[in-house]
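The values are calculated or read from the model by the stated rules, or taken from the named source; none is laboratory data. Given the structure is predicted, the values throughout are model-derived calculations rather than measurements. Reconstructed Cβ throughout: ideal geometry from the backbone, glycine too, with neighbour counts over all protein chains shown.
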Amino acid sequence: MNFIELLGHSKVHRSIIDDFDKWVFHLKDIKGYSENTYKSYCYDVCDFLIFFQYYHQKPLSPLDLKRLDLQTFRAWVADISAERNYFNIYKKPLAARSRRRAISSLKNFLKFHTITNENYKFGYTEIQLLKNPKIPKSLPKPISEDQIEQLMEQLLKVSKKSWIQKRNLALLYLLYGCGLRISEALSITKKHLVDKNTLTILGKGNKERLIPVLGIVSQSITNYLQELPHDISNEDLIFVGDRGAPLKASAFQRDLKQARINLGLPKTTTPHALRHSFATHLLKNGGDLRVIQELLGHSSLSTTQIYTEVDDISLQKTYHEKNPSK
């Protein structure tokens, strides 16, 4: 069931569904949001529209846009942070970070429609008064260098198929050796590999960044492609599943989970933890904070500062001399 069908099934007013559809088109085709991002936004707004009907005992309609007041928004935030006894998108309470994203999604939806429909302006003004939940400060949980080596060995045992072993190893090297997000690694096509020394990655917000690639990372990709039993063109994604379809993040997460269980490692040993480890180990070995920011694709230095403060070293020297996977 897609979002439009979901809202229709939930008896949301047709005109509001049409507004939702226009907004989704704006996110996907005009703003170019990634699939993960726009789907998260859609889930958030759908959740609010279903909640509104439950809270006010009637679906939101153009005549009810003035009911989008601060009290309703506060009630929704309280609702998504608690157990629910009615049908909605989120079954379990959302953490503070997810609640902040949900508020941001709804703000985006309301702001978009203020341009063409003045009735949305009241709700958009009211939601500006809503305070964001405080997020407890938590440091990234990196994996130690010894544990990384153990994971590499254990990943080779998760599958008996040699090409899948090499696929998983190539993915691990990209996450830990280049600091990629799992979605970024899985978006690599053959045409990305023309230059074995660099990768051009399209990250969050459609921002491109150039990533230097160490020889050991490049070789792991070559080893995988040489054994890949499926034919792929230059336009095709290089990471595929058993039947040749594009590999889903959940498949690699499952294999990594099995490897960490076999090793007795904590639940925080995830694909994203490999990215954290890349940054943490790089900084530990003398990397420059702004270089790490560029490699990770962080738009703000404050996001990178969570790791630590370091001395200034040039990009090439930092990456090629200090990279932990070298």
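Do the conditions hold for K141, that is, is it out of contact with any Gly (no Cβ under 9 Å at 6 or more places or on another chain), among the basic types (K, R), more than 28 Å from W76 (Cβ to Cβ) and surrounded by 14 or more Cβ atoms within 10 Å (Cβ to Cβ)?
Values: out of contact with any Gly (no Cβ under 9 Å at 6 or more places or on another chain): yes; among the basic types (K, R): yes; more than 28 Å from W76 (Cβ to Cβ): yes; surrounded by 14 or more Cβ atoms within 10 Å (Cβ to Cβ): yes.
Criteria met by K141.
Okay, residues lined up against (1) under 19 Å from W23 (Cα atoms); (2) of a type in the set (A, V, I, L, M); (3) modelled with pLDDT under 90:
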| residue | (1), (2), (3) |
| --- | --- |
| K39 | yes, no, no |
| I50 | yes, yes, no |
| R74 | no, no, no |
| A82 | no, yes, no |
| Y90 | no, no, no |
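Are there any helices (runs of 4 or more DSSP H) wholly within the stretch 188-295 with 3 or more residues that are touching a Pro at 6+ places or on another chain (Cβ under 9 Å) and over 25 Å from E35 (Cα atoms), and if so which? Break it down into steps so the answer makes sense when it comes.
On the way: elements: 215-227, 249-263, 271-284.
In the stretch 188-295, the matching helices (runs of 4 or more DSSP H) lie at 271-284.
Residues L156, L202: which one is surrounded by fewer than 17 Cβ atoms within 10 Å (Cβ to Cβ), touching a helix residue (DSSP H, G or I) at 6+ places or on another chain (Cβ under 6 Å) and without any contact (Cβ under 8 Å) to a residue 60 or more places away in the chain? Spell out the reasoning first.
Values: L202 fails: touching a helix residue (DSSP H, G or I) at 6+ places or on another chain (Cβ under 6 Å).
Only one candidate qualifies: L156.
Tally time: how many residues in the stretch 141-160 are in contact with a Pro (Cβ under 9 Å, 6 or more places away or on another chain) and at pLDDT 90 or above?
1
Residue by residue, here is whether (1) polar (S, T, N, Q); (2) assigned by TED's automatic domain parsing to the domain that holds L174; (3) in a helix (DSSP H, G or I); (4) in contact with a Phe, Trp or Tyr (Cβ under 6 Å, 6 or more places away or on another chain) holds:
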position	(1), (2), (3), (4)
K107	no, no, yes, no
L110	no, no, yes, yes
T116	yes, no, no, no
K121	no, no, yes, no
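Please identify the pairs in which a residue from the stretch 96-116 that is surrounded by fewer than 17 Cβ atoms within 10 Å (Cβ to Cβ) has its Cβ atom under 6 Å from the Cβ atom of a residue that is assigned to a helix (DSSP H, G or I) and not hydrophobic (A, V, I, L, M, F, W, C), counting only partners at least 6 apart or on another chain.
Cβ pairs passing all conditions: K111/Y124; T114/Y120; T114/K121; T114/Y124.
Can you confirm whether the stretch 167-176 contains a residue that is among the small types (G, A, S), crowded, with 22+ Cβ neighbours inside 10 Å and farther than 18 Å from H276 by Cβ? Talk me through it step by step, then tell me what you get.
Pass one, the stretch 167-176, residues among the small types (G, A, S): 170.
Still in the running and crowded, with 22+ Cβ neighbours inside 10 Å: 170.
With farther than 18 Å from H276 by Cβ added as a condition, the list becomes 170.
Yes, the stretch 167-176 has at least one match.
Could you list all residues from the stretch 1-20 that are assigned to a helix (DSSP H, G or I) and either in contact with a Leu (Cβ under 9 Å, 6 or more places away or on another chain) or farther than 17 Å from I50 by Cα (or both)? Don't jump to the end; show me each part of the working.
So the first thing to find is which residues in the stretch 1-20 are assigned to a helix (DSSP H, G or I), and the list is 3-9, 14-20.
L7, I16, I17, F20 - these are the residues of the stretch 1-20 that are assigned to a helix (DSSP H, G or I) and either in contact with a Leu (Cβ under 9 Å, 6 or more places away or on another chain) or farther than 17 Å from I50 by Cα (or both).
Would you check if D47 is assigned to a helix (DSSP H, G or I) and farther than 19 Å from G123 by Cα?
Numbers: assigned to a helix (DSSP H, G or I): yes; farther than 19 Å from G123 by Cα: no.
Here the answer is no, as D47 does not meet what is asked.
Report whether or not L49 is assigned by TED's automatic domain parsing to the domain that holds K92, in contact with a Phe, Trp or Tyr (Cβ under 6 Å, 6 or more places away or on another chain) and closer than 24 Å to L94 by Cα. Can you show your working first?
Values: assigned by TED's automatic domain parsing to the domain that holds K92: yes; in contact with a Phe, Trp or Tyr (Cβ under 6 Å, 6 or more places away or on another chain): no; closer than 24 Å to L94 by Cα: yes.
No.
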